[in-house]
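A short worksheet on the structure shown next.
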Amino acid sequence: MGKHTWTDRPSDILRVEKGAALDAVAPDSTPGFSGDKAAGEAQLKARRKALGELQERLFAGSRAGEATDAVLLVLQAMDTAGKGGIVRHVVGGVDPQGVELAAFKAPTTEELEHDFLWRIEKRLPQPGFIGVFDRSHYEDVLIGKVRGLAGPEEIERRYDAIVEFERRVAASGIRIIKVMLHISPDEQKERLAERLDRPDKYWKYNPGDVDERLRWNDYMAAYRDVVERTSAPEAPWSVVPANHKWYARLAVQELLIDALEDIDPQWPKADFNVEAERKRLAAS
């Protein structure tokens, strides 16, 4: 596959199946990629054109009324793991008019009056679009479980509800890419410290992040349960080592390219007589 590139498809290398040990994925590793940071950043830049063209073809089909497919990228991670960097450096490299971004925070009073998936379904991408969930419905089984915001029976119900929901979403033509950005506690500590050292990063710092660090082992156990209970052929989990930001960005970019290449969107055909329009234009 060329110098400093992937040994195999990242969608195969990074997929974590039911029963797989999350602990077996080293956060500082770069599985499947043969190069260093410089090579990874060069590859990220080089592959941006391929991603951009595929996304444009997908979006063009929606404008012509021909598209039936969409892509949903679900990003889950501990704080500082790089979700924002993925949005800026990967998704930000495509035409923004074909992207729908949703960042799910604490539910509003209205949202709490409905089932937890009610607000999620409203933000699913339209045909021809790439949707990005910066945090998602998985908060309701991660934070819900770790903080005790929902009881064991309700958490169990939510696992089953998520599996059924994603099965229905996939059947509607939305390709689901679920990514856990896997960072180590030591790397997170360094990134939080950097936010305290730089005035231009203060706005990113949340004192509550330190409180969540104290629950690190509980969160890792909750993530293991999520992977075990919600992995499915139509909605698999990819665990992406995220201690190296360049690798995480490159890996997610390739996961998107893989999904779009599998969809293989085509440029819509002209709904007018091209030769006649050439003549009209020349005579104008």
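The values are calculated or read from the model by the stated rules, or taken from the named source; none is laboratory data. The model shown is predicted, which means the values in this text are computed figures rather than measured ones. Cβ placement follows ideal geometry from the backbone for every residue including glycine, while neighbour counts extend to all protein chains displayed. Heavy atoms of the whole protein, side chains included, go into the accessibility calculation; ligands, DNA and RNA do not. Shrake-Rupley method; radii C 1.70, N 1.55, O 1.52, S 1.80 Å.
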Regression test value, accessible area per residue of the chain, probe 1.4 Å, units Å², expected 51
Of every hundred units of 1.4 Å-probe accessible area on the chain, the number belonging to carbon and sulfur atoms, as a percent, is 50
Taking 0.36 nm per residue of separation between GLU121 and ASP264 and subtracting their Cα-Cα distance, the length gained on full extension comes to 49.0 nm
Among the Cα-Cα pairs of region 36-120, the proportion with separation greater than 20 Å, in percent, is 53
P(r) over all Cα-Cα pairs of region 138-284, 10 Å bins from 0 to the longest distance, whole percent per bin, short to long, reads 9, 26, 27, 18, 8, 7, 5, 0
Measure of exposure for LYS45: accessible area at 1.4 Å probe, Å² rounded to 10, is 150
Candidates for Rg and Dmax of the Cα atoms in Å are (1) 20.7, 87; (2) 18.6, 58; (3) 20.5, 73, and the calculated one carries label (3)
P(r) over all Cα-Cα pairs of region 104-154, 10 Å bins from 0 to the longest distance, whole percent per bin, short to long, reads 22, 51, 22, 5
Once amide hydrogens are built 1.01 Å from N within the peptide plane, the residues lying 5 or more places from PHE129 or on another chain with amide H under 5 Å from its amide H are VAL71
Note to self: C-alpha centroids of region 136-196 and region 238-284 sit apart, in Å, by 29
Rounded to one decimal in nm, the spacing of the 7 Å Cα→Cβ label points at GLU164 and GLU277 is 4.7
Computed about the Cα centre, the charge dipole of the chain from +1 Lys/Arg and -1 Asp/Glu charges at the Cβ has a magnitude in debye, to the nearest 20, of 920
Under the 7 Å Cα-to-Cβ spin-label approximation, ARG88 and ASP218 lie apart by a distance in nanometres of 3.1
Within region 1-101, DSSP-loop GluC sites (Glu not before Pro) with at most 14 other C-beta atoms within 10 Å are GLU17
Measuring from its Cα centre, region 1-106 shows a charge dipole (+1 at each Lys and Arg Cβ, -1 at each Asp and Glu Cβ) which, in debye to the nearest 20, is 240
Over 18 Å (Cα to Cα) among LYS105/LYS201; LYS189/LYS245; LYS45/LYS245 -> LYS105/LYS201
